[in-house]
Each structure stands twice: as structure tokens, then as C-alpha cells.
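What follows is a single structure, written as C-alpha cells, with notes after it.
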Amino acid sequence: MLKRLVVTDFAIIENIDIEFKDGLTILSGETGAGKSLIIDSLSLLLGERAQLELIRTGFRKAEITGYFEIDNIYLKSMLSKMGVTMIGSELVVKRTISTSKSTIKINDVNITLNDLKKIAKYLADIHMQFDLQKILNPDNYLEIIDGFKQGGIQEYLGRYQEALNTYKESLKRYQELLKKVREIKEKRDIYEYNLKELNSLGLRLNEEEEIKEEINHLKNYDLIHGLLEELNYLSEGNLIDNLYEIKKRVEKLSSYQNEYEEVYKNLDNYYYEIESILEDLKSSYRNDSYDPSRLEELETRLYTLDNIQKKYQKDIHGLIEYSKELEELLSLDQNQDYLVSQLKDEMISNYDKVYQCGKELSLLRQEIAKLIEKDLDKNLNDLALKSQFKVVFKDVLKEDDCAGFIFKDNGIDEVDFLIETNTGEGLKPLSKVVSGGEASRIMLALKTLFVKSQKIATVVFDEIDTGVSGEIASRVASKILEISLTTQVIAITHLPQVAALSQNHLKISKEVRDGRTYTKVKELNLEEKIYEIASMISGGKVTDKQLEYAKEMVLR
């Protein structure tokens with residue numbers, strides 16, 4: 001549960017430090033005083049994305065620190081894997097929003113926003129005003145159902161999604177093969193002609209470079225041959241003999257003085273290297289020849305290679321690869337029936353696995369839905385909504401063509417929430433028939449079940465009682481109080497019926513000092529609480545009669 005909240009330089013909040021207690025805590029105050037900012041700060045501690053605009057004007061950072069008391073073994077295990085050390089049962093979550101570097105720390109250990117989101121559901125659940133729209137949009141119904149048994153759902157959903165990815169890959173391979181088969185049938189003659197043309201050229205990697213090198217030699221033959229001839233003449237002299245004699249003399253020197261040993265080794269190596277180089281030059285001279293027809297042949301070949309590359313818009317390497325591709329395509333044409341059949345069977349098998357995993361996930365959801373239906377009717381009755389609630393699952397059948405349109409990322413289910421709010425009128429889609437007040441009560445009833453099933457330590461309600469009054473407001477207040485008997489509840493409300501049942505009451509107000517607005521938080525004593533409730537009843541000016549009525553509401 002949440003024990004303490006410290007907020008600094010957050011919008012119009014300069015510095016507040018709130019102690020939270022067990023049971024039901026009410027936040028009340030005029031519109032714009034900062035009640036929702038307190039809820040927003042809690043949302044940031046639970047992984048909501050931060051906005052720099054929330055930093056108080058004139059400051060470079062805002063800080064929100066929450067002190068929680070936890071005893072959840074799963075949460076402690078997750079924290080241990082993140083490297084967070086627990087001292088007793090206290091957990092400190094600190095969020096810094098900065099114009100330079102924002103940080104998230106748990107017990108002084110830096111963590112990521114994704115890590116914070118993973119543990120948030122074990123810390124608290126926040127109901128915001130816009131959450132009412134969830135039950136009016138069928139797209140959210142699966143998420144609502146899954147929330148009641150998150151752990152079990154994730155196991156089944158994980159298997160389904162793994163099977164779905166495998167199916168999608170096999171479907172892609174099958175469709176690509178069919179596309180290739182169609183292309184081959186349409187372009188077989190072109191493919192055969194291209195392959196024949198390319199094969200006839202006998203293309204080789206690096207051939208162009210070799211041809212250009214040889215052409216360069218032939219075009220500069222006179223200069224090259226002349227230089228080789230001079231080198232051959234020079235090498236016929238006493239160069240090698242003299243080097244040999246020098247090497248022998250240095251060898252004798254090294255037997256008398258060690259400093260010449262290294263000189264001898266170098267001379268010995270260089271002697272044989274030079275001898276080899278000169279032999280290669282002599283061989284080049286002897287084999288050097290000029291063939292005019294060879295030059296013409298090479299230039300013709302180079303011209304041919306240049307034209308074929310321009311024709312296909314590929315270099316030599318690309319043409320060689322294209323030839324291989326054409327061979328594979330034409331080979332595929334000969335074995336296409338077998339390959340298509342093989343990939344089709346694989347795709348159908350994977351389709352069946354996804355469908356089976358989807359059905360297993362759906363059966364689990366239907367079991368959860370039955371539990372929701374059973375308990376929700378009772379809770380709605382407590383809230384003076386004598387209704388019948390039904391979760392309807394659309395029967396999803398296999399597709400004959402295995403196209404996979406029935407597969408969505410979260411399963412194969414399509415669900416709707418039906419409700420009968422007036423006896424004899426029959427079940428109708430909840431999204432089309434409920435009023436604002438009814439939606440609030442249905443959401444409260446769902447939250448009651450959710451908190452119970454998930455053993456939530458802290459639940460926060462931001463005006464979940466919107467749109468109700470009179471006797472209905474008293475029923476809503478009783479239900480919120482019921483939740484607070486097992487779970488810490490923090491609620492923003494404008495209903496005096498709800499506020500009167502609270503164990504703790506915080507008044508949120510704002511004041512202007514020196515041209516700046518400041519939010520203040522005050523814990524009300526019994527007398528102050530009675531006056532605040534009387535003010536909520538009157539909507540402004542408080543009379544003695546309203547004070548007496550407020551006192552009766554609180555003390556009864």
C-alpha cells in the first residue's frame with residue numbers, strides 16, 4: 001500500500017508531503033485546486049509517460065517520490081532480478097522529470113520505464129475519469145476480461161502468439177512460392193533466353209580487370225619489352241656473383257665477431273630473394289611477345305562485357321548471381337507441384353496449431369467471463385442496478401482458404417458485453433444502452449471484482465461516482481467503502497455520501513502568493529471534515545441545517 005507521497009515543482013504544486021493511511025481516503029476541493037495533479041503524480045510512479053510541460057514554470061526539474069509497503073512475493077522476486085535490494089517491506093519509487101536527464105529509481109537503483117510498468121500493477125491500480133469509456137468500447141472488452149486472470153492468460157496468449165508467428169512465416173513462404181510459380185509461367189521463354197545468353201558468355205569474376213591489364217600491356221608493349229631487355233642485360237653481369245662473395249666474407253667475419261651474425265642472416269635472405277627476382281625478370285623477357293590479334297580479341301571481349309552489363313543493369317558479379325537465380329527458377333518450374341504442395345501442407349498445419357491455441361485461449365476467457373457474470377450481477381444489484389449481464393463470444397470458425405484473417409494479435413475472440421437494465425427489455429449491447437451514471441456503476445462493480453481477484457494493495461478512483469446522486473450515490477459510497485475494507489482506497493469525489501464514509505479526508509486547495517499559484521493539502525479533523533461535507537452538500541454557503549445533516553452522515 002501507499003504510505004507517503006512527496007511531490008516538488010510539479011505544475012502548480014511547489015512542495016507537498018502527504019501521509020496516506022489504511023482504509024478509505026478522500027480527496028476533495030474546488031476544481032483546479034490540484035486534486036487531479038496528485039493522481040497524475042501517482043500515475044507517473046506507475047509508469048505513465050512524463051511530459052516536460054508538467055515541470056513548474058521557472059524550474060528545471062520536478063520530483064515525485066512514493067513510499068510503498070509491500071508483501072507480494074512475486075513483486076519481490078521481480079525486484080531482485082532488477083538488482084533492487086529490499087530492506088524490510090518498504091519500497092521507495094522516485095521519478096525525476098528534468099529538462100536535462102530524467103530518471104527513475106527504486107530504492108536508489110536506476111531502472112527503465114518498461115521495468116517500472118512491469119511492477120506497477122503490483123503497487124496500485126488507478127481508475128481515471130476517461131476509463132469509463134473503456135466499457136463503452138467493445139475493442140477494450142478482451143483487455144478487461146484478461147485483466148481478471150493476467151498470469152494464466154499470459155501463458156496461453158504466449159503460446160498462441162508463438163504459433164501465430166510461425167504460421168505467418170510459413171504463409172509468407174507459401175505465397176512467395178506461388179508468386180514465383182506465376183512469374184515463371186508468364187516469363188519462362190524470357191528466362192530461358194536470358195540464361196542461354198548469359199551462359200554462352202562464360203562469365204568469370206575479375207575477368208574485366210584481367211582483360212584491362214592485358215590490354216594495357218599490349219598497348220605499351222614496346223616500352224615494357226625495352227625495359228625488360230635492359231633488365232635482362234644488367235642481370236647478366238657480376239651482380240649475383242659479387243653478392244655471393246660478399247655473403248661468404250661476412251659469414252667468415254661472423255665467426256670472429258658476433259655483431260656480424262645478424263648482417264650475415266640478412267644478406268643470406270636477400271641474396272636468394274634477389275636471385276629469384278632476377279630469374280623472374282629473365283623469364284618475363286624470354287616469354288614476352290606481342291600478338292596484334294590478341295589485342296583485338298581482348299577489346300572485343302571487353303566491349304561485349306560492357307554491353308551485357310548495360311543491358312541487364314548489373315555488374316559481372318550480379319550477372320553471375322542472376323544466372324544462378326534463373327537456373328533455380330527454371331528448376332523450380334520442374335518441381336513446382338511438389339514444392340507448392342509441401343509448403344501448403346506446412347502452412348495448413350501451422351494454421352491448425354494457431355487455431356487450436358486460439359480456441360484454448362478462448363475457453364479460458366469464457367471461464368473467466370462466467371465468473372465475471374456471476375459476481376457482477378450481485379455487485380450491480382448492490383449498486384441499485386437490477387440487471388442481467390452477459391459476455392457473448394462470437395463463434396469463430398476456420399477459414400477454408402486458411403487466409404488467417406480470423407487471427408488477431410490477442411487471439412481469435414470477438415466479444416461483446418450485453419446487459420438488460422430494464423426487466424423484460426432483453427439483453428442489448430452495453431455500449432449502446434447505458435447512461436453515464438449506469439456506466440459509472442458498472443465500472444465500479446467491475447473494479448470491485450478486479451481488486452478482489454488481483455489482490456490489489458491500493459486502488460485510486462478519480463471521480464468514479466460521476467453521474468450519480470440520491471439513493472444511488474449512497475449505494476456507490478457503500479460499495480467503495482466495501483472495497484476499502486480489504487484494500488487501501490484513495491478517491492477523488494464530489495459526493496458527500498462517499499466523503500462521509502471515509503476514514504481519512506484530505507482537502508486540496510490553492511492560493512496565490514506573490515503572483516504565483518500554490519497547491520495546499522490539509523488533513524481534516526472531524527469538525528473540519530463535517531464542515532467540508534456540508535459545503536459539498538450546499539455547493540457553497542454552509543447553513544446550520546446543512547452542518548447538522550453532514551454531522552449525521554459522518555457519525556451514523
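The values are calculated or read from the model by the stated rules, or taken from the named source; none is laboratory data. Keep in mind it's a predicted model, so treat the numbers as computed, not measured. Neighbour counts run over all protein chains shown; Cβ positions are idealised from the backbone, glycine included.
Of the residues that make up region 344-357, is at least one part of a loop (DSSP other than H, G, I, E, B) and among the acidic types (Asp, Glu)? No; the residues of region 344-357 include none that is part of a loop (DSSP other than H, G, I, E, B) and among the acidic types (Asp, Glu).
Report yes if Arg475 is basic (Lys, Arg) and modelled with pLDDT under 90, otherwise no. Here the answer is no, as Arg475 does not meet what is asked. When the criteria are applied in full, Lys344 fails the requirement of being farther than 30 Å from Leu195 by Cα, basic (Lys, Arg) and not assigned by TED's automatic domain parsing to the domain that holds Ile184.
For (1) in the same structural domain as Lys3 (by TED's automatic domain parsing); (2) under 30 Å from Asp71 (Cβ atoms); (3) free of Cβ contacts under 8 Å to residues at least 40 places away in the same chain, each residue gets a yes or a no:
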site	(1), (2), (3)
Phe461	yes, yes, no
Val468	yes, no, yes
Ala500	yes, no, no
Asn504	yes, yes, no
Asp514	yes, no, yes
Thr519	yes, no, no
Lys545	no, no, yes
Val554	no, no, no
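Scanning region 38-48 for residues being surrounded by fewer than 20 Cβ atoms within 10 Å (Cβ to Cβ) and farther than 20 Å from Tyr122 by Cβ gives a total of 0.
Residue selection: Glu162 satisfies the criterion of being under 18 Å from Asp352 (Cα atoms) and of a type in the set (Asp, Glu).
For region 93-122, taking the residues that are surrounded by fewer than 17 Cβ atoms within 10 Å (Cβ to Cβ) and of a type in the set (A, V, I, L, M), the one that is nearest to the chain's Cα centre (by Cα) is identified as Leu113. Considering only residues in region 424-443 that are at pLDDT 80 or above and in contact with a strand residue (DSSP E or B) (Cβ under 8 Å, 6 or more places away or on another chain), the one that is surrounded by the fewest Cβ atoms within 10 Å (Cβ to Cβ) turns out to be Gly426. Here is the figure for region 78-98: residues that are out of contact with any helix residue (DSSP H, G or I) (no Cβ under 6 Å at 6 or more places or on another chain) and either among the aromatic types (Phe, Trp, Tyr) or under 23 Å from Leu52 (Cα atoms) (or both) total 5. Quickly run through region 14-43 and pick out the residues that are in a helix (DSSP H, G or I), of a type in the set (A, V, I, L, M) and touching a Gly at 6+ places or on another chain (Cβ under 9 Å). Correct list: Leu42 only.
Taken over region 5-24, residues that are farther than 15 Å from Val460 by Cβ and among the charged types (D, E, K, R) amount to 4. Residues in region 197-204: is at least one closer than 30 Å to Phe461 by Cα and either modelled with pLDDT of 85 or more or not aromatic (Phe, Trp, Tyr) (or both)? The answer is no; no qualifying residue exists. Considering region 461-472, and only residues there that are out of contact with any helix residue (DSSP H, G or I) (no Cβ under 6 Å at 6 or more places or on another chain) and within 21 Å of His505 (Cα to Cα), the residue that is modelled with the highest pLDDT turns out to be Phe461. Considering Leu178, Leu195, Leu223, the condition of being buried (at least 16 other Cβ atoms within 10 Å of the Cβ) and either among the aliphatic types (A, V, I, L, M) or in a helix (DSSP H, G or I) (or both) is satisfied by Leu195 alone. The residue list Ile73, Ile87, Ile135 contains one member that is modelled with pLDDT under 90 and more than 25 Å from Val451 (Cβ to Cβ), which is Ile87.
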